[in-house]
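Quick note: the coordinates plus some simple rules give every number you see, no bench work behind them. It should be emphasised that the depicted structure is a prediction, and the values quoted were computed from it without experimental measurement. In this analysis, Cβ positions are derived from the backbone assuming ideal geometry, glycine residues included, and neighbour counts consider all displayed protein chains.
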Amino acid sequence: MDVLITGANRGIGAALLADYRASGYAAQGTARNDPALLPLDVSDPASVRALAKSLGNTPLPLLVCNAGIYLDKGHDLTAGFAPDLWGETFAVNVTGVFLTIQALLPNIRAARGKIAIISSQMASQELAPGGSYIYRASKAAALNLGRNLATDLKSEGIAVGIYHPGWVQTDMGGESAAVTPQDAARGLRTRFDALSPATTGCFETWDGRAHPL
Ligand SMILES: NC(=O)c1ccc[n+]([C@@H]2O[C@H](COP(=O)([O-])OP(=O)(O)OC[C@H]3O[C@@H](n4cnc5c(N)ncnc54)[C@H](OP(=O)(O)O)[C@@H]3O)[C@@H](O)[C@H]2O)c1
């Protein structure tokens, strides 16, 4: 296997999977409900363990943690951001990312591979335009995870990159978004190719710019 992408049944994940496969890569994707892909619910630790078990000792050169949710879009500061949404969002966007990486680390180590975390420009502390508190906090945590994992894994030659995929035309991004999933996928692939121990911990946009932390 060359690459494994979580949340690959639609949106950016599906475009990445299609792009890698069209180039002849042995790419696999995960989905919660798609028999053509490997089953994975990142918010369910048993599901993460089952995925790792199904991979066995297969070396994994690139893991893309793409699965994510955005439940508080447009919420109002006075009445929105219900307590349940915090746990639900963090279980996918933060814990789900960590558990997936932790479970597949033996496979990544076997390939001296790389890890790509799809975060968001909304993770930034320097750019803080307000709103979407739950999603922003979760993506900031995913960025933080990635930067600390980069430190811990550097001595093993395993690089970790964190990415803003663009504002992309998906169910999450909406129809008026600026970037097609195909263009986002192509740009992200170029970033993943460039990721190395020398650039580990980078936070970059899909089109190759360093993003403010
Ligand atoms: N679109 C944008 O403009 C944009 C901008 C910045 C960052 N991002 C990030 O880019 C990534 C992909 O976004 P997208 O626009 O492609 O979103 P999307 O179209 O909503 O697709 C989300 C994907 O994540 C999967 N997913 C959700 N919850 C999951 C869970 N518990 N376990 C496993 N998979 C789960 C979904 O599977 P189901 O079909 O089963 O729900 C789907 O495959 C996300 O991390 C998102 O935060 C997107």
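Annotations
- Under the convention that each Lys and Arg Cβ holds +1 and each Asp and Glu Cβ holds -1, the size of the dipole of the chain around its Cα centre is about 580 debye.
- Computed Rg/Rh of the range 38-141, alpha carbon atoms with Kirkwood Rh: 1.05
- Once the Cα-Cα distance is subtracted from the 0.36 nm per residue extended length, the Leu127 to Ala18 segment shows a gain of 36.0 nm.
- Equivalent ellipsoid semi-axes - Cα gyration tensor, the chain, angstrom: 25, 19, 18
- The region of the chain that goes longest without hitting one of the GluC sites (Glu not before Pro) in a DSSP loop, each with at most 12 other Cβ atoms within 10 Å, is 1-125.
- Tilt relative to the chain, helix 11-22 - C-alpha long axis, 0 to 90 degrees, to 10: 30
- Cross-link reach list, lysines versus Lys154, counting only Cα pairs under 28 Å and skipping chain neighbours closer than eight places: Lys53, Lys114, Lys139
- Most fluctuating residue given options Pro45, Pro129, Pro181, as computed from a GNM of the chain linking Cα atoms under 10 Å: Pro129
- Considering only beta bridges that DSSP places wholly inside the chain, some 5 percent are antiparallel.
- Asp207-Tyr25 FRET efficiency (beta carbon distance; Förster radius 30 Å; 0.05 resolution): 0.90
- Placing a label point 7 Å from the Cα of Arg32 along the Cα-to-Cβ direction, the residues of the range 168-189 with a backbone N closer than 15 Å are 171-172.
- Here, the range 21-92 yields an orientationally averaged convex hull projection of 6.9 nm² when only Cα atoms define the hull.
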